[in-house]
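To start, the structure itself, in structure tokens.
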Amino acid sequence: MKSDRNASRGYSLAELLVVVAMIGIISLVTVPQFMSMFRSAKVRSSLRAFTGDSRAARARAVGRHKPVRLSICNAASGCDVSSITPAITLPAKPVDRPANTLLRHEYVVFDNTTGTTWVPIPPGQPLGGVRQMDDTVYFGNVTFTDATPTDNLLDITFLVDGTIAALTSTGTVVIRTDAEIAKPVMTVDFNRTGQLQARD
């Protein structure tokens, strides 16, 4: 009786090589698109976090009947915040953070306590602590200025009626990334009444 040797036969080397080649070709097409989508998601997530915090800061000013200030660092080398009292509690990461320096992707929300004194909202409270966007995303051009007292941060000050102090028409905050994505720059426009609109 003849045994059927072909019945236990597996895939040939040529067939395996064809399958591996097909997987490689599919990977070449899909992996870069996936990475681009992943980077774009980081930018959009950071944009949503910043606009959400801006709206919450405005609501806090109206609800508490005290101005609230959202202060942005957009200096490439970071912003020295050692002169701010009480001191801002800086996050532990990144570990190579220069002493007393807020980084270019971070911002802080301050409460006005006495009319002239601005105090950073402590960590653990809503809007408290240093607010961070993704570390691949940073603030670009910001048309707001450093309000008094000067602290090297660019300030969006929401007044008790929801309007923005010292803003005559519109103010702009640009959020950007150096990653290779379709839309590496997003813009947030603020109007005098405190309303904002994000656009890309």
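A few comments on the model shown:
- Yes/no for Val173 being open to solvent by less than 60 Å² (accessible area, probe 1.4 Å), within 12 Å of Ser71 (Cα to Cα), in contact with a strand residue (DSSP E or B) (Cβ under 7 Å, 6 or more places away or on another chain) and not hydroxyl-bearing (Ser, Thr, Tyr): yes
- The set of residues from region 26-85 being of a type in the set (S, T, N, Q), touching an Asp or Glu at 6+ places or on another chain (Cβ under 7 Å) and open to solvent by 70 Å² or more (accessible area, probe 1.4 Å) comprises just one member, Ser83.
- Gly124 of a type in the set (Gly, Ala, Ser) and closer than 22 Å to Val160 by Cβ: no
- Looking only at residues in region 123-148 that are open to solvent by less than 70 Å² (accessible area, probe 1.4 Å) and free of Cβ contacts under 8 Å to residues at least 60 places away in the same chain, the one that is nearest to the chain's Cα centre (by Cα) is Val130.
- Leu196 vs. criteria buried (at least 17 other Cβ atoms within 10 Å of the Cβ) and within 17 Å of the chain's Cα centre (by Cα): yes
- Answer residue from region 9-57, given it is of a type in the set (Ser, Thr, Tyr) and assigned to a helix (DSSP H, G or I) and is farthest from Phe190 (Cα to Cα) among those: Ser27
- Residue that is on the phi < 0 side of the Ramachandran plot, surrounded by 13 or more Cβ atoms within 10 Å (Cβ to Cβ) and free of Cβ contacts under 8 Å to residues at least 60 places away in the same chain, where the choices are Thr113, Thr117, Thr101: Thr101
The values are calculated or read from the model by the stated rules, or taken from the named source; none is laboratory data. All values derive from a computational prediction rather than experimental measurement. Virtual Cβ from ideal backbone geometry, glycine too; neighbours counted across all protein chains shown. For accessibility, only protein heavy atoms count, side chains too; no ligands or nucleic acids. Shrake-Rupley method; radii C 1.70, N 1.55, O 1.52, S 1.80 Å.
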